[in-house]
Amino acid sequence: MSASSSAVSNVGKVRASNQDSGFAGQYLNVVADGMGGHAGGDVASHLVIRQLLTLDKKFDSVDEARDELVHTLLLANDMLSDVVFEHPELAGLGTTASVMLRVGNQVVIAHIGDSRVYLLREGNLSQVTVDHTFVQRLIDSGRITEEEAHSHPRRSVLMRVLGDVDATPEIDTMVLDSNEGDVWMLCSDGLTTVVWSDELSEMMTGFEPGVDVDVIANALVDASLEGGAPDNVTVIVSRTVAGEPEQLAELVGSAAGPMPVKQPEPRLIPPTGKRPKPRSLPVSTGGVTMGSANLTAQLDAVRAQRIRRRIGLIIAAVVVAGALVIAGITGYRWSQTQFYLGADEDSVVIYQGLAQPVGPFSLSHAYLDTNVLLSSLTPFQRDQIKATVPAGSLAEAQSLVNALTSAAK
Ligand code: CA
């Protein structure tokens, strides 16, 4: 199973800047809603999403995916404390994170804060995550209704976030099945405080089955804008489809721009070590040696040896052909773990694969348009990017982009 996803983020009609960030990739979808003055919210959601980008890859098991997801969110949480240490004016920054990672026909969801994950399945919309808010506690204990929560004076108080306060914030996780045709929707509270659950349900179930995910995401953001959009609004819509992922990854909101402050040293997950060298096959070339027996015996011996050699050559050819096929598959798989920076018409793009084609076969495709404009770079940097810069992993590519954007300032 794979996904067809769309990400849309809008600053809204009241706020001066967009502190939300969103990501829609091949396997990973994230909404992060940043909070805190002095650009703190922009920094928090930007940093958390950029840190999570390294997880947009194929996992073998949901357990492995869940462990790495929680680990990365906690690392990002530590990094937010590091940012505040270097920039004390950002104290109190924080961000929600609602993350969905696809593993085969399942999804791993990790969630903290009041951004939400919804699932539209067979004409029914259900809210998958539970808000970590003060009013949600009141609703759970039966003290107020969902309607009353919308006008409660403490409706925006969050009980849990990623930020510089809690060293090990509690992150909810769950693993759910995802069937072909399921539509997952992740959003910031800029949508749900304007478009309430009944209206949201009506909208989501009203779309024609199979309608483009861009149409759904834009319609939801438009509905928030029509309702006055007092807050930033971010929506990710991701439909489960059959086949292998081909999605061009998309960053929106604060994370789509350069990091608002100098980023602390990236905490990268250590690379998985050097690849073993491919083993070369021992190939023996047997020669014909004459014995000292009579001519007939010699000829028989030569004939027998010829036959053995022919059989040997056929076996060797089969083994070599098999090895070439395996090497080709392994090589292609390996190439798809590689990333490099290049340019499209006007901006820096992260490509997945190898820049060099093999014969007529291209081994790369655009992975993410970083939105870093070529015009913001020095002529030297521009030439380097146009000539492509190998980056190894996605994390390295991301650090290179960060280095470019901080140098460009
Ligand atoms: Ca918000």
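Structure notes:
- Only helices enter this figure: runs of n ≥ 4 DSSP H residues, each worth -39500 (n - 2.57), summed and divided by the residues of the chain, yield -11000 deg cm²/dmol at 222 nm to the nearest 500.
- When restricted to Cα atoms, region 95-238 yields an Rg and a Dmax of 15.3, 45 Å, respectively.
- Top of Tyr332, Tyr367, Tyr27 by mean-square fluctuation, Gaussian network on the chain, Cα under 10 Å: Tyr332
- Rounded to 10°, Cα long-axis angle of helix 197-206 versus longest principal axis of the chain: 40
- For region 1-75 versus region 322-354, the gap between their alpha-carbon centres in whole angstrom: 24
- Accessible surface of the chain, 1.4 Å probe, proportion on carbon and sulfur as whole %: 56
- Cα gyration tensor category, rounded, prolate or oblate, for region 333-408 with a/c compared to 1.5: prolate
- In a simple Cβ point-charge model (Lys, Arg +1; Asp, Glu -1; nothing else charged), region 64-107 has a dipole of about 280 debye relative to its Cα centre.
- Sequence-distant aspartates and glutamates (8 or more away, or on other chains) whose Cα lies within less than 20 Å of Lys386: Asp344, Glu345, Asp346, Asp369, Glu396
- Only Cα sites of the chain enter the Debye sum here, all with the same form factor; the resulting log10 I(q)/I(0) across q = 0.11 1/Å is -0.83, listed in q order.
- Note that region 305-363 presents 69 Å² accessible area per residue, ligands and nucleic acids not counted, probe 1.4 Å.
- Across the chain, the mean sequence separation of Cα contacts (distance under 8 Å, 6 or more residues apart), normalised by length, yields a relative contact order of 20 percent.
- Over region 164-236 - Rg/Rh using Cα atoms and the Kirkwood inverse-distance radius: 1.05
- Residues in region 314-321 carry Karplus couplings, in order, of 4, 4, 4, 4, 5, 4, 5, 4 Hz; the curve used is 6.51 cos²θ - 1.76 cosθ + 1.60 with θ = phi - 60°, and Gly or Pro positions show x.
- If you plug the beta carbon distance of Ala242 and Ser347 into 1/(1 + (r/R0)^6) with R0 = 30 Å, you get a FRET efficiency near 0.40.
- Taking Glu250, Glu146 and ordering them by how much accessible surface each has at a 1.4 Å probe, largest first, produces Glu146, Glu250.
- Taking the Cα centre of the chain as reference, the dipole from Cβ charges on Lys and Arg (+1) and Asp and Glu (-1) amounts to some 2880 debye.
The values are calculated or read from the model by the stated rules, or taken from the named source; none is laboratory data. Please read all numbers here as calculations on a predicted model, not as lab measurements. Glycine gets a Cβ as well: all are built from the backbone with ideal geometry, and neighbour counts include every protein chain shown. Just the protein is used for accessible areas: all its heavy atoms, side chains included, with ligands, DNA and RNA removed. Shrake-Rupley method; radii C 1.70, N 1.55, O 1.52, S 1.80 Å.
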